[in-house]
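Okay, so here's the structure we're looking at.
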Amino acid sequence: MAGQAFEGNLRAQFEDIRLLHHLGVNIVWIMGSRPQISKALEKNNLTAEFSGLRRVTSSEQLDVIIDATNRQKTLLEAQFSASKTPVNITQGSFVVARPLGVLNGLDHLNTGVVRKINAPAIQDQLNANCIPLLTALNYSLTGDIFNCSTEEIAVETAVALKADKLIFLADSKDCEIEAGHLSLSQARALSDSKDSRLMKRALRACELGIERIHILDVSLDGALLQELYTREGVGILISNDDYYRIRAAELADIPDILSILEPLEDQGFLVARSREAIESQIHHYHLIEMDSKVVGCAALIPYQGCNHSAELSALAIHADYRQQSLGDQLLKHIEAQALNAHITDLFALTTQTTHWFVERGFELVDVDALPESRRAVYNAERNSKCLKKRLRA
């Protein structure tokens with residue numbers, strides 16, 4: 001876990017961290033001090049120079065950084081001690097650093113990078129029911145002090161420990177990306193467009209084998225518990241595997257399908273379907289699950305007498321999960337299923353979501369474009385818009 005700064009609502013997270021610790025969750029705390037260091041340098045009339053994501057650290061600046069980091073560490077330890085059940089925070093030679101050196105002609109002076117993480121020493125502290133504390137200040141084998149990136153330390157530590165999760169507690173400006181689950185490819189695209197240093201570090205961790213990387217807004221009360229113990233979470237989750245899965249529906253899934261469809265039927269978005277109607281077409285339904293919970297459905301209904309046409313029907317996502325692009329994933333799956341069945345014309349009928357379909361390649365067509373078997377049961381009173389998409393492999 002990487003805490004960006006001891007200010008604002010980070011104090012509100014300590015009780016949650018303490019609770020997680022007492023529940024038996026192994027936590028390694030990497031303490032960020034970037035805002036405090038910047039303020040301390042400014043107070044001492046020292047100009048911070050950056051090279052990419054790293055601060056170039058002179059000897060004079062290093063003295064200020066040492067003072068700022070030690071003050072930050074003392075305040076953090078005090079917070080963890082302020083309880084009838086205090087948490088033991090421990091420090092040690094957990095990180096071996098080396099100088100970053102000269103890059104593109106620029107000497108980075110006392111700026112360092114991680115040479116090695118002493119994973120056994122950290123694990124010993126975890127086994128002793130302590131929270132190991134790591135900071136930006138680390139030592140080389142020659143005894144020199146280097147200012148390292150805490151985000152880099154967090155990534156390298158998570159990899160060395162084969163951690164289940166890496167969590168960044170970040171300022172709100174580092175959480176401008178909409179909360180939700182991102183695949184590795186989606187995260188890469190956002191990293192390129194947003195130029196977020198945390199996103200770049202998160203991507204690096206994901207590529208090195210960490211299965212779950214979370215970026216949480218530190219100002220949000222209860223962010224840790226909500227992210228870890230609710231399915232939808234409140235932060236940004238990046239994973240290298242499928243956090244969701246899509247599968248064929250079974251008869252046992254009908255109650256879940258009804259629970260998703262009925263609120264949208266009541267609002268007029270979808271035409272009402274009886275349990276019997278769904279049961280008779282259950283082999284056409286596909287479900288999307290998150291953590292084994294059914295959160296969306298869609299049906300691919302072939303048209304009778306028209307082998308190359310079918311209807312996308314009952315596409316719906318549970319209200320709590322509509323900001324995570326799951327509808328797009330279901331649509332892609334349905335289109336793939338259609339192509340496998342040699343269907344080239346995919347139709348959809350809707351009263352209120354025309355633009356959603358148009359944005360995804362559907363075109364408005366006249367009702368007469370529907371196959372005859374479908375026109376015969378078209379509900380003129382509902383007056384649904386008809387859309388069509390030509391599928392191509």
*What are the ³J(HN,Hα) values, in whole Hz, obtained from phi via the Karplus relation 6.51 cos²θ - 1.76 cosθ + 1.60 with θ = phi - 60°, for each residue of the stretch 224-235 in sequence order, with x given for Gly and Pro?*
4, 5, 5, 5, 8, 10, 10, 5, 7, x, 10, x
*Please report MET290, MET199 as a ranked list, fewest other C-beta atoms within 10 angstrom at the top and most at the bottom.*
MET290, MET199
*Distance between modelled label sites at SER172 and ASN307, nm, 7 Å Cα→Cβ extension*: 6.0
*Once fully extended, how much extra length lies between LEU126 and SER140, figured as 0.36 nm per residue of separation less the alpha-carbon to alpha-carbon distance?*
2.7 nm
*Roughly how big is the chain's charge dipole about its Cα centre, with Cβ charges of +1 (Lys, Arg) and -1 (Asp, Glu), in debye to the nearest 20?*
720
_Compactness of the chain, expressed as Rg and Dmax over alpha-carbon positions, Å_ = 26.8, 84
*Between helix 254-266 and the chain: long-axis angle, C-alpha atoms, 0 to 90°, nearest 10*: 80
*Distance in nm between pseudo-label sites at ARG390 and ALA369 (7 Å out along the Cβ direction from Cα)*: 1.0
*Table column - 3J(HN,Hα) (Hz), the stretch 79-92, Karplus curve with 6.51, -1.76, 1.60, x for Gly and Pro*: 5, 6, 8, 7, 6, 5, 10, x, 9, 7, 9, 10, 10, x
*Against the longest alpha carbon principal axis of the chain, how many degrees, from 0 to 90 and to the nearest 10, is the axis of helix 326-340 turned?*
50
*If each residue's Cβ is checked for other Cβ atoms within 10 Å, how do ASP16, ASP164, ASP366 rank with the fewest at the top?*
ASP366, ASP164, ASP16
_Given contacts defined as C-alpha pairs under 8 Å and at least six residues apart, what's the relative contact order of the chain, whole-number percent?_
12
*For LYS39, which aspartates and glutamates qualify as cross-link partners when the Cα separation must be under 17 Å and same-chain residues fewer than eight apart are set aside?*
GLU7, GLU49, GLU60, ASP63, ASP67, ASP171
*With respect to the cross-link table entries LYS116/LYS165; LYS116/LYS162; LYS73/LYS116; LYS165/LYS332, which display a Cα-Cα separation exceeding 18 Å?*
LYS116/LYS165; LYS73/LYS116; LYS165/LYS332
*Within 10 Å, count the other beta carbons around each residue, average over each peptide in 224-236, 77-89, and list them highest first.*
224-236, 77-89
*asked:* Compute the distance from the alpha-carbon center of the stretch 92-164 to that of the stretch 206-279, in whole Å.
replied: 37
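Laboratory data are not the source of any read-out in this text; all were calculated from the coordinates shown. Being a predicted model, the structure only gives us computed values, none of them experimental. Heads up, the Cβs are rebuilt from the backbone with ideal geometry, glycines too, and the neighbour counts pull from every protein chain shown.
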